[in-house]
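Derivation of every value follows stated rules applied to the coordinates shown; laboratory data play no part. Worth saying up front: this structure is predicted, and the values here are computed from it rather than measured. Every residue, glycine among them, receives a Cβ derived from its backbone with ideal geometry; neighbour counts consider all protein chains shown.
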Amino acid sequence: MSDAPSPRGAALRSARELAQAISSVERGGAGADALIQEALAQLATATGPAARVIGVTGPPGAGKSTLVGALADRAREEGRRVAILAVDPSSAVSGGALLGDRVRVEERPDDDGRFMRSIATRGSGRSLSHAAAAASLLIEAAGFDLLFIETVGAGQADLGIVRLADLVLLVEGPEGGDEVQAMKAGLLESADLVVVNKGDRPGADRAVERLRSGLALGADAPEVLLTSATEGSGVTELLRALDAAALRRGRGGRVRRVAAHLAAAVEARAAERLRAAEADGRLEALARGITDGLRPLSGAVDELLQG
Ligand SMILES: Nc1nc2c(ncn2[C@@H]2O[C@H](COP(=O)(O)OP(=O)(O)OP(=O)(O)O)[C@@H](O)[C@H]2O)c(=O)[nH]1
Ligand SMILES: [Mg+2]
């Protein structure tokens, strides 16, 4: 398979270099910031379209990884350069990379148009959405056209991905729409497209109907499609629908990713300053001053943020 030379892609030539750069942003620190700056400088002068970033979320076991693998295969057949980033919130707690067994896509070392990686922060203090935003910029600078970011459908990491992605795809199983899990997490509202996967299983058609009628209440309701990732049905249609949705309501492309990174960097800086103030007693001293009525709260906040 031969690809036309990409207008992006000079800074990180090989998958190995890209993987090392992503490891560096997982760890954080000055080296990571320099890599991101380099990627940004390169992107600022790049010609051609920005990468398309699709966040993929949904309940555990719905078939997200299998479906993303199938979508990636299809996009690859069209000559697009495809990357997959699996965001692993569990390892923040367990210290291990559970996604190792979760990722169900074969690595293809002979294909430089395909890149796959799971990221975790392993207690580096850097938030997952910070690492994901940085990694997405590195992947874009390495010349990939399409990036899928998979998260397990629960909690903070997903909200970070929503902030980062151009489009959010919610993957449900055949029981989808019964449980309010996705709705509770606010995922259904943030989805641009919903897919009921495991269409080869009984009940999948009814899940589509349930979701469609549930979503019809809202204005601008996302489309609901049906796939079987293992049998390959509906995958081409889903890729087409994602492309169409990105054109219709893509949310700002690269600027969005830079904004997500910037927001995460500010959060990280503020958290760092707060930790330092806690450690050296300034937090307590300020709190004492406020308690005694000697200083206003807002002034103390400014002082802490300035470090
Ligand atoms: N019958 C059927 N099984 C599927 C389909 N897609 C995925 N599976 C199976 O469902 C199981 C879970 O698939 P994954 O792709 O790992 O699901 P996931 O949503 O990524 O799971 P987590 O990352 O653990 O949340 C695997 O055993 C898959 O083979 C499908 O379309 N039909
Ligand atoms: Mg998975």
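Maximal additional length on extending the R288-R212 stretch stands at 21.8 nm, based on 0.36 nm per residue less the C-alpha distance.
Full extension of the chain segment joining D200 with A244 gains 13.3 nm, where the gain is 0.36 nm per residue of separation less the Cα-Cα distance.
Please give the net charge around L225, taking every other residue with its beta carbon less than 11 angstrom from that of L225, where Lys and Arg add +1 and Asp and Glu add -1.
Local net charge: -1.
May I ask you to derive the FRET efficiency for E17 and E78 from their Cβ-Cβ distance with R0 = 22 Å, giving the value to the nearest 0.05? Please report the intermediate quantities before stating the final value.
Working: r = 25 Å, r/R0 = 1.15.
Result of the calculation: an efficiency of 0.30.
Using a 10 Å cut-off on Cβ atoms, rank the peptides 17-24, 136-143 from the highest mean neighbour count down. Let's see the in-between values first.
Values: 17-24: 18.2, 136-143: 26.4.
Going by the mean number of other Cβ atoms within 10 Å, highest first, we get 136-143, 17-24.
Using 0.36 nm per residue of separation minus the Cα-Cα distance, give me the extension gain between D110 and R27 in nm, one decimal.
Details: separation 83, 0.36 × 83 = 29.88 nm, distance 2.78 nm.
Answer, rounded to one decimal: 27.1 nm.
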